[in-house]
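**Q** Below is a structure I'd like to ask you about.
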Amino acid sequence: MVMLQRFECMPSIKRLGTTCFMAVLLLCMALPVAADRIKDITSIAGVRSNHLVGYGLVIGLDGSGDSTNSAPFTVQSLKSMLSKFGVVVPPGVNPSLKNVAAVMIHAELPPFAKPGQTIDITVSSIANAKSLRGGSLLMAPLKGADGQTYAIAQGNMVVGGLGAEGGDGTSVTVNIPSVGRIPNGATVEREVPTPFSQGGPIVLNLNTPDFTTAMRVAEKINAVVGAGSALPVDSSSVQVQAPVNQGQKVAFLAMLQSIEVEPGEGAARVIVNARTGTIVIGSHVRVTPVAVAHGSLTVSVSESFDVSQPEAFARRGDTVVTPNSGVAITQENNPMFVLSSGVSLQDLVRAVNNVGAAPGDMVSILEALKQAGALRADLIVI
């Protein structure tokens, strides 16, 4: 379990000519680690989903389809489809159809999907169709990375976005009307073979590689199933001896995945998101003795204008406007603070907050601590 605390910095003049941004500092406090099921922290090697992709046509649109000039492949696809039904379009004739759109289809084929089962698909326009709302996808094959057809897609579109356009050119768009979904829109035609149906041991892959977790998973399985049943291969894999019979293997895995294991604690890390100013500090972060001083420099530039004109009854001279610029530089005198040996995460944050450092300043302090060798953690910038 993780406790989150939020610290906010109100806008104030902290940078040259700009105001400091609003930032959030997330702090992960150390709490007892709860046991997790093997099902939640591992996956079975070879049991995975596969991505499918296809090309097709959506028809029946209300004038929001592709234009002939910018999408000639839509007309070409339509002619090719009509020729299969015995309809021959004369050469050189390009029908202007605003109710047809060329689309790409993608889906995820789950493991153990059998022929006849259905899967959801996502349909996306690849030309300049304004909306796919109300359209119907014609039969299109979905292929895998090996070029084989694994499913056939067809159905009526469900589009969450919408758009409206006025006669004066104004338009309003809500969400993305050029992308839609078809629930159960594809029928599986081919099964993907998996190593699960073959004999031999089962390999459990950890979602987060860790030597301690791999060792604990193997020890827990050996304690429940029997000594020598599980062997940790590396930091991310555990090999388990499984029954040869398919029915027994399914029952064995159902029992195996329900075993609870206490995962190993993660390495000491500090994650910094430079774009949002978010900082996440792990509970195992430690700092060696070091003194830190951090101040902010503010430069203020003011611009005013004076009017210079000749005195009364003067025969010569013109009235002119003269600029008057002023520059002022101030620097905050933040006190230096000292971090003792082995200081904890909570002490580190408290010391930085006492000097009024904003999350943006916290990033600079952490980078300086890392360069000085005082930060006992990995500093990762994302």
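The values are calculated or read from the model by the stated rules, or taken from the named source; none is laboratory data. Remember, it's a predicted structure, so these values are computed and weren't measured experimentally. Here Cβ is always computed from backbone atoms with ideal geometry, including for glycine, and neighbour counts include all displayed protein chains.
**Q** Name, by its number, the condition in (1) farther than 18 Å from Ala140 by Cβ; (2) hydrophobic (A, V, I, L, M, F, W, C); (3) assigned to a strand (DSSP E or B) that does not hold for Val88.
**A** (3)
**Q** A further question on this structure: Val203 - would you say it is part of a strand (DSSP E or B), surrounded by 14 or more Cβ atoms within 10 Å (Cβ to Cβ) and either more than 35 Å from the chain's Cα centre (by Cα) or modelled with pLDDT of 85 or more (or both)?
**A** So Val203 passes the test.
**Q** Just to be sure before I move on: is Ile59 closer than 24 Å to Gly266 by Cβ, modelled with pLDDT of 50 or more and not charged (D, E, K, R) in the structure I sent?
**A** For Ile59, the condition - closer than 24 Å to Gly266 by Cβ, modelled with pLDDT of 50 or more and not charged (D, E, K, R) - is not met.
The rows are residues; the columns are (1) part of a loop (DSSP other than H, G, I, E, B); (2) at pLDDT 90 or above; (3) not hydroxyl-bearing (Ser, Thr, Tyr).
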site: Gly54; (1), (2), (3): no, yes, yes
site: Gln76; (1), (2), (3): no, no, yes
site: Ile105; (1), (2), (3): no, yes, yes
site: Glu108; (1), (2), (3): no, yes, yes
site: Pro111; (1), (2), (3): yes, yes, yes
site: Ile119; (1), (2), (3): no, yes, yes
site: Ala140; (1), (2), (3): no, yes, yes
site: Gly147; (1), (2), (3): yes, yes, yes
site: Gln154; (1), (2), (3): no, yes, yes
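**Q** If you go through region 114-129 one residue at a time, do you hit one that is hydrophobic (A, V, I, L, M, F, W, C), more than 20 Å from Gln76 (Cα to Cα) and out of contact with any strand residue (DSSP E or B) (no Cβ under 9 Å at 6 or more places or on another chain)?
**A** Looking through region 114-129, none of the residues is hydrophobic (A, V, I, L, M, F, W, C), more than 20 Å from Gln76 (Cα to Cα) and out of contact with any strand residue (DSSP E or B) (no Cβ under 9 Å at 6 or more places or on another chain).
**Q** Find all pairs meeting these conditions: Cβ atoms under 6 angstrom apart; at least six residues apart or on different chains; first residue within region 146-158 and buried (at least 22 other Cβ atoms within 10 Å of the Cβ); second residue of a type in the set (Val, Ile, Thr).
**A** Close Cβ pairs (under 6 Å, with a partner that is of a type in the set (Val, Ile, Thr)) amount to Ala151/Val188; Ala153/Ile105; Ala153/Ile121.
**Q** Looking only at region 243-275, filter to residues that are modelled with pLDDT of 90 or more and of a type in the set (A, V, I, L, M); which one of those is farthest from Ser43 (Cα to Cα)?
**A** Going through the qualifying residues, I end up with Ala251.
**Q** Can you tell me how many residues in region 206-239 are touching a residue at least 24 places away in the same chain (Cβ under 8 Å) and either part of a strand (DSSP E or B) or among the polar types (S, T, N, Q) (or both)?
**A** 10
**Q** Can you tell me which residue is farthest from Ala186 (Cα to Cα) among those in region 72-112 that are under 42 Å from the mean Cα position of the chain (by Cα) and free of Cβ contacts under 8 Å to residues at least 24 places away in the same chain?
**A** Pro72
**Q** Further question on the same structure: Condition check: in contact with a Pro (Cβ under 9 Å, 6 or more places away or on another chain), small (Gly, Ala, Ser) and assigned by TED's automatic domain parsing to the domain that holds Pro177. Does Ala71 satisfy that?
**A** So Ala71 fails the test.
**Q** Something else about it: What's the number of the only condition in (1) of a type outside the set (Gly, Ala, Ser); (2) surrounded by 13 or more Cβ atoms within 10 Å (Cβ to Cβ); (3) touching a Ser or Thr at 6+ places or on another chain (Cβ under 8 Å) that Asn50 fails to meet?
**A** That leaves (3) as the condition not met.
**Q** In addition: Looking at Asp40, Asp66, which one is at pLDDT below 95, crowded, with 16+ Cβ neighbours inside 10 Å and either within 30 Å of Val188 (Cβ to Cβ) or in contact with a Phe, Trp or Tyr (Cβ under 8 Å, 6 or more places away or on another chain) (or both)?
**A** Asp66
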